[in-house]
């Protein structure tokens with residue numbers, strides 16, 4: 001039995017390899033023009049799941065964006081939502097939202113895409129026993145508690161969100177617990193993609209061969225650690241019509257190997273060039289090297305509940321003693337961008353350098369402020385996780401700068417196992433500045449401000465005015481109207497500085513000589529636009 | 001002989017339970033909650049956390065967790081990974097790759113190593129001997145990953161002689177990784193074979209054979225080479241385990257989806273069931289290979305018997 005399975009597996013791999021070779025390996029013998037399949041390959045790290053509700057991994061999302069059509073997508077220029085599967089998303093009170101779905105859309109298996117497809121997928125995601133990671137995105141929907149009992153071992157009272165109502169096949173009504181003006185932009189996230197009825201017959205099988213409604217469809221099952229093969233979906237009627245016949249997502253365990261393969265033109269697109277190779281890649285790839293500002297930010301958080309860090313002046317002094325530009329050059333090869341605001345540039349409402357001198361490197365002023373605040377006694381512990389060696393590198397630079405510029409001599413590193421790190425922060429066990437990282441879910445200042453500075457934050461920072469401003473912004477009549485309110489909240493968080501911004505990540509991508517029309521933005525690699533050179 | 005084999009096989013049962021338990025306990029002892037780590041920087045609501053803890057028995061004490069694992073194992077269920085893949089499927093998939101790699105490297109070691117050693121021994125002090133000694137010292141001194149990346153860039157990328165990464169076919173995708181993986185072994189086997197053969201060529205029975213007028217070819221082929229191979233075979237037996245364990249680095253460099261990669265990832269994710277499954281099989285293969293080696297001794301040198 002085992003042998004049969006093995007052989008079948010191998011046959012599949014061999015066929016796949018032959019196809020990949022055929023796709024990349026030029027004309028070969030005999031084939032005339034147009035014979036060559038216009039397929040290309042994308043380097044990927046093994047995803048965790050391919051069910052939209054079950055994954056928040058960026059690798060999965062790269063694939064899901066190709067095989068699913070969310071309700072909206074984000075315009076990279078304005079950061080505003082553009083309708084995709086939805087015809088309109090409206091609300092009068094920011095609490096009850098009406099989503100109209102474009103009629104006539106189809107899943108890859110021929111099923112129509114209806115309001116129910118969305119309701120089914122969202123209910124499954126919000127249902128705790130499924131254990132899907134995007135569950136918390138539905139916290140704000142009425143009825144969430146019935147699906148997610150707090151106590152251990154308790155059975156959920158319901159398996160459907162009472163706040164979701166299918167009005168007719170093309171209309172879905174969502175009732176939120178509190179007004180939320182940013183709701184439409186949140187829907188661009190792949191976690192809100194629809195699922196067909198066929199999925200629920202066998203969710204496990206669906207996870208390795210998801211049926212979506214996007215421009216590409218899976219061609220065979222996900223071959224774990226090897227390949228995810230897709231082909232253009234012929235009946236796709238949306239605006240993202242594929243310009244190629246299919247994409248092979250080649251899975252790499254090491255980005256270094258993927259980079260070598262990109263240089264050898266063996267893989268066509270790599271969206272994560274290792275930082276160490278960036279300067280070389282710029283020279284080697286020329287125009288085929290693309291750097292895109294992303295939504296990911298690094299911060300230095302302070303344990304405000306610790307008396308020694310209670311004064312905003314001291315926290316500002318530490319922020320001003322850090323040479324962000326120097327660290328970015330030394331540790332990240334200049335690929336990240338030093339930040340003087342709490343939200344990154346691509347988020348609507350971003351104001352350059354709004355943090356002012358509090359985020360500028362000024363050792364003299366920092367020392368002055370530091371002494372005014374009464375200095376610092378005891379050991380300064382710096383917290384970070386062991387997930388990546390670069391954390392320790394930049395923390396060491398921070399430590400050196402604090403010693404040099406503020407005269408703090410007794411600095412210790414607290415390197416916490418990755419699996420324990422967030423628990424440490426959540427339970428407020430850190431007694432010193434810590435690394436805080438945020439990966440954007442959707443481009444709204446709310447996603448940054450409320451998630452990191454809002455109620456129950458890791459710094460233990462409490463500010464009623466801030467909280468009220470966020471609530472007011474969340475219930476603002478439109479997204480435009482919400483921005484000034486979020487900005488006021490940002491000003492407050494900067495004034496008190498419970499957490500200092502450090503830098504914004506930039507994504508470094510490169511592509512091979514085989515493909516053209518590569519347009520990568522912060523939200524998507526726009527794989528549908530890519531064409532294969534003849 | 002038969003009795004000996006049976007006893008050795010029976011000995012593997014306690015070893016199997018011992019290793020599985022030890023490995024399970026070690027993964028269990030790793031700090032932190034693997035489920036929380038899965039969610040990354042994003043929050044995981046308590047109800048979801050509980051559901052996932054239940055699914056992977058993470059709330060149970062060590063003994064109960066291990067008991068459930070063994071219970072499943074006896075029914076042929078090896079559990080599943082955090083991404084929902086059955087461990088049994090994963091093992092057969094990944095072991096195929098690693099076995100192909102390790103065996104290819106092993107053949108390299110055996111053929112190239114013994115050949116180099118014999119040639120060097122027969123031309124002792126000559127140019128070839130000096131080259132073999134110098135070359136092998138050099139290879140032993142280089143860390144595998146340096147050798148691996150260099151081979152990948154030079155032979156794969158610049159000269160285009162080999163694929164730079166896994167393409168799914170044997171032997172194409174395996175030759176370069178196997179050479180890298182086996183390089184240390186080739187050097188070691190060559191030196192062992194050389195030293196052992198030189199020593200045996202000085203033995204009394206060789207002088208006797210020479211004086212009796214036996215042909216040199218027969219002296220080397222029949223009287224000395226066979227028994228000279230005993231230390232080589234011992235080494236190769238032990239090394240088979242090393243090859244599979246050493247595959248962690250080589251598989252990483254050449255993107256071969258084998259068990260080395262898997263163990264590395266699973267330890268990071270604290271996937272107890274996967275680590276136990278992979279490593280226990282590793283132990284079993286190691287034991288079996290060593291049993292084979294012990295049996296081979298008798299074939300190579302009739303003076304050793306397992307009566």
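If each residue's Cβ is checked for other Cβ atoms within 10 Å, how do B:26, A:320 rank with the fewest at the top?
Numbers: B:26 14, A:320 26.
Arranged by neighbour count, lowest to highest, B:26, A:320 become B:26, A:320.
If I take R0 = 45 Å and measure r between the Cβ atoms of residue A:400 and residue B:103 in this structure, what FRET efficiency does the formula 1/(1 + (r/R0)^6) give, to the nearest 0.05? Kindly include the intermediate steps, with their values, before the conclusion.
Numbers: r = 51 Å, r/R0 = 1.12.
Using R0 = 45 Å, I get an efficiency of 0.35.
Could you work out the relative contact order of chain A? I mean the mean sequence separation of Cα pairs under 8 Å and 6+ apart, divided by the number of residues, in percent.
Result for chain A is 19 percent.
Using only Cα atoms and rounding to the nearest 10 degrees, what angle (0 to 90) does helix B:127-141 make with the longest principal axis of chain B?
Long axis of B:127-141 versus the principal axis of chain B: about 20 degrees.
What angle do you read, to the nearest 10 degrees and between 0 and 90, between the alpha-carbon axis of helix B:225-254 and the longest principal axis of chain B?
So the helix axis and the longest Cα principal axis differ by about 30 degrees.
Just need the relative contact order of chain B here, percent rounded to a whole number, with Cα pairs under 8 Å and 6+ apart.
Value for chain B: 27 percent.
Work out the FRET efficiency for residue A:519 and residue B:208 from their Cβ-Cβ distance, taking R0 = 60 Å, and round it to the nearest 0.05.
Values: r = 82 Å, r/R0 = 1.37.
Once rounded, the FRET efficiency stands at 0.15.
Express as a percent, rounded to the nearest 5, the fraction of DSSP beta bridges in the range A:294-506 (both residues included) that run antiparallel. Show your work: numbers first, answer last.
Details: 12 of 19 bridges.
Just about 65 percent of them are antiparallel.
Let me understand chain A better: what is its radius of gyration from the alpha carbons, and its Dmax, in angstrom?
Reported Rg and Dmax, both Å: 24.7, 81.
At 7 Å along Cα-to-Cβ for each site, give me the label-to-label distance between residue A:106 and residue B:138 in nm.
6.4
Roughly how many Å is it from the Cα centre of the range B:64-138 to that of the range A:66-97, as a whole number?
Here the answer is 52 Å between Cα centres.
Based on other C-beta atoms within 10 Å, arrange A:428, B:223, B:158 from fewest to most.
Working: A:428 14, B:223 19, B:158 11.
The order, fewest Cβ neighbours first, is B:158, A:428, B:223.
Considering only DSSP beta bridges where both residues belong to chain A, give the percentage that are antiparallel (nearest 5).
Taking every DSSP beta bridge within chain A, about 75 percent pair in antiparallel fashion.
Using R₀ = 41 Å, calculate the FRET efficiency as 1/(1 + (r/R₀)^6) where r is the Cβ-Cβ separation of residue A:409 and residue B:145; round to 0.05.
0.60
How big, on average over all directions, is the shadow cast by the Cα convex hull of the range B:18-68, in nm²?
Values: hull surface 15.2 nm².
For the range B:18-68, averaging the hull's shadow over all directions gives 3.8 nm².
Counting every Cα pair in chain B, what percent are over 29 Å apart?
Cα-Cα pairs of chain B separated by over 29 Å account for 51 percent.
Other chains near A:51-62: what is the mean number of their Cβ atoms within 10 Å of each residue's Cβ?
Neighbouring Cβ atoms belonging to other protein chains average 1 per residue here.
Between residue A:87 and residue A:423, what length in nm is gained on full extension when 0.36 nm per residue of separation is reduced by their alpha carbon distance?
Net length gain for the segment: 116.8 nm.
Say each of residue A:351 and residue B:292 gets a label point 7 Å from the Cα, pointing the same way as Cα to Cβ; how far apart are those two points in nm?
Here the answer is 7.2 nm between the modelled labels.
What distance in nm separates the two pseudo spin-label positions at residue B:12 and residue B:248, each 7 Å out from Cα along the beta-carbon direction?
Placing both labels 7 Å along Cα→Cβ, they lie 2.4 nm apart.
Can you tell me how much longer the chain between residue B:299 and residue B:29 gets when fully stretched, taken as 0.36 nm per residue apart minus their C-alpha distance, in nm with one decimal?
In short, 92.7 nm is gained.
Sort A:496, B:109, A:245 so the one with the fewest other Cβ atoms within 10 Å of its own Cβ comes first. Working shown, then result.
Values: A:496 19, B:109 27, A:245 16.
Taking fewest neighbouring Cβ atoms as first place, the list is A:245, A:496, B:109.
Just report the Cα centroid separation between the range B:169-201 and the range A:338-417, whole Å.
Each part's Cα centre sits 52 Å from the other's.
Which value in deg cm²/dmol, rounded to the nearest 500, describes the helix-derived mean residue ellipticity at 222 nm for chain A, given -39,500 (n - 2.57) per DSSP H run of n ≥ 4 and division by the residue count?
For chain A, the value works out to -9500 deg cm²/dmol.
Along the Cα-to-Cβ line of residue A:139, 7 Å from the Cα, sits a label point; which residues in the range A:410-425 have backbone N less than 19 Å from it?
Residues A:421-425 qualify, since their backbone N sits under 19 Å from the label point.
Can you list the residues of the range A:51-72 with backbone N under 17 Å from a point 7 Å past the Cα of residue A:198, pointing along Cα to Cβ?
It comes to A:51-52, A:67-69, nothing else.
Note the angle between two axes, namely the Cα long axis of helix B:87-108 and the longest principal axis of the Cα atoms of chain B, as a number of degrees from 0 to 90, rounded to the nearest 10.
On a 0 to 90 degree scale, this one is about 20.
Once each part is reduced to its C-alpha centroid, what is the distance from the range A:135-210 to the range B:256-278 in angstrom?
Taking the Cα centre of the range B:256-278 as reference, the centre of the range A:135-210 is 33 Å away.
Read-outs: derived from the displayed coordinates by stated rules, not from any lab. Quantities reported herein were computed from a predicted structural model and do not represent experimental measurements. Note that we place each Cβ from the backbone using ideal geometry, even for glycine, and neighbour counts take in every protein chain shown.
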